[in-house]
1. Quick one: putting +1 on the C-beta of Lys and Arg, -1 on the C-beta of Asp and Glu, what dipole do you get for the stretch 29-174 around its Cα centre, in Debye to the nearest 20?
2. Hey, any idea what the orientation-averaged projected area of the convex hull of the stretch 234-295's Cα atoms comes to, in nm²?
3. Filter the cross-link list LYS6/LYS95; LYS203/LYS297; LYS6/LYS203; LYS51/LYS95; LYS35/LYS85; LYS38/LYS95 down to pairs whose alpha-carbon distance in this structure exceeds 18 Å.
4. Provide the net charge surrounding VAL7, with neighbours chosen by a C-beta distance below 15 Å and charges set as Lys +1, Arg +1, Asp -1, Glu -1.
5. Averaged across orientations, what area in nm² does the convex hull of the alpha carbons in the chain project?
6. Using Cα positions and a limit of under 15 Å, work out the aspartates and glutamates in reach of LYS84, with same-chain residues fewer than 8 apart set aside.
7. As I understand it, the dipole of the chain uses +1 on the Cβ of Lys and Arg and -1 on the Cβ of Asp and Glu, about the Cα centre. Which of GLY32, VAL261, VAL19 lies farthest toward its positive end?
8. Can you tell me which of 375-387, 91-103 comes out highest on packing, and rank the rest after it, using the mean Cβ neighbours within 10 Å?
Amino acid sequence: MSELLKVGLLGYGTIGSGVIKMLTAPEFGLSGRIKLVKVADTDLVSEREVKVDPALLTDDPDAVVNDPDIDVIVELIGGVGAAKKYVEMALDAGKDVVTANKYMIALHGDALHERATRGDARLLFEASVAGGVPIIQVIREQLACDRVLSINAILNGTCNYILTRMEQVPGMDGEQAVDEARRKGFAEADPTLDVSGMDTAQKLCILVRKAFRTPVLPAQIDLQGITGISNVDVQSALEMGYRIKLVAHSHRVNGKLEIWVGPALIPQSGSLAQVNNEFNAVAINSEAHGEQLFIGKGAGMMPTAGAVVGDLFTLLNHERVPSLLSQPRLDLPVVDRNDVRCRYFARFTVKDQPGVIAAVSSELASRGISIASVVQRENTVDPERGVPLVVITHETTVGALAAAVAAIDHREIMLQPAHTIRIMDSL
Ligand code: HSE
């Protein structure tokens, strides 16, 4: 156990500022045990909310990584270019690394872990998934000897905020909700990574690698974002007793791994449905522990900085950090996306004319898809714009539904492409 951990920080942005605050403000109780030695950033000019002793600042990350007085590198640069280069340099030199970089860990976690092992260094990344929710530590330590059966999670605060607001404000569309999220500081200027579901997919890869000991790349995940969700979808779901959430899902099924990221209708009474606004949540079911639910802030300066500093504290107190990446891999095969089974909510924006419901139901029936319910509201305001026909199906496969929807979209009854959303009654 070290008496003192000497830290070099790469990246003096929002999270870096939070880390500086925690390492220097006396109320966090760390001064004297974890010492900030150097801070590197290419921008030393911009005003920051959290100040740092100018003597610690440099614009040269090499000087930080190569400083023999530094034990641990905190990487908060982001991306896989410079960030990966400096992390590799640090691990090769035997320095421990703490990072919040989900993209780098999702893509290169195994290779970096091997590098760390060769360099006799440790690599921790709690802040890369769900910021203030200590879920990596739970999987790495508490669940290390358990058999994880499923993970269902809300991992993107921006999307959760947008969907919550679309539910609370009837008529609010996705664009308006994104604008509001930006004004409140929950969404980036360009929220593409968030609303496309890619941010969630990267985080799910990290959880799945650890919980199911199976490496999966974001590109292998069946991915649907929230951009196609309309207020009609959100309000219709509500009337049917559901909420729409962007769900990250994985579970064992017949020796394989089902894994996807996408919007899903989940029952309003379920625990994940209570997670609103910018909050994240992870529900894990494992053989011994059973169902567990973790909720917290997944982003923001202090929750994410808290996860980084928590990792530093782990390094300070544990000579050897247990690593699930060093346990034997299971390499579960991934279920073909077309074979995944669920019920579906499908919205067809159709002309209000005879035979429309018959046309939709015949395309579904010819692929063995059974309809559980249909709701169509008359459009008395502007009949030319058609009517939303909402169909709930019984359980079917993703492949069968996709084929039926492709055929329906070709019919001249359709005014807009159909939009389909999974239903997860078990959540
Ligand atoms: N942009 C992410 C979110 C946080 O909205 O949850 C960083 O991963």
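The values are calculated or read from the model by the stated rules, or taken from the named source; none is laboratory data. From a predicted model like this one, the values you see are computed outputs, not experimental measurements. Note that we place each Cβ from the backbone using ideal geometry, even for glycine, and neighbour counts take in every protein chain shown. Ligands, DNA and RNA are excluded from the accessible area calculation, which covers all protein heavy atoms including side chains. Shrake-Rupley method; radii C 1.70, N 1.55, O 1.52, S 1.80 Å.
1. Computed charge dipole of the stretch 29-174: roughly 400 debye.
2. Answer in nm², one decimal: 5.1.
3. Long pairs (Cα-Cα over 18 Å): LYS6/LYS203; LYS51/LYS95; LYS35/LYS85.
4. Taking every other residue near VAL7 into account, the sum is -2.
5. Projected area, direction-averaged: 22.0 nm².
6. ASP62, GLU75, ASP92, ASP96, ASP110, GLU114
7. Farthest towards the positive pole: VAL261.
8. Ranked from most to least packed, the peptides come out as 91-103, 375-387.
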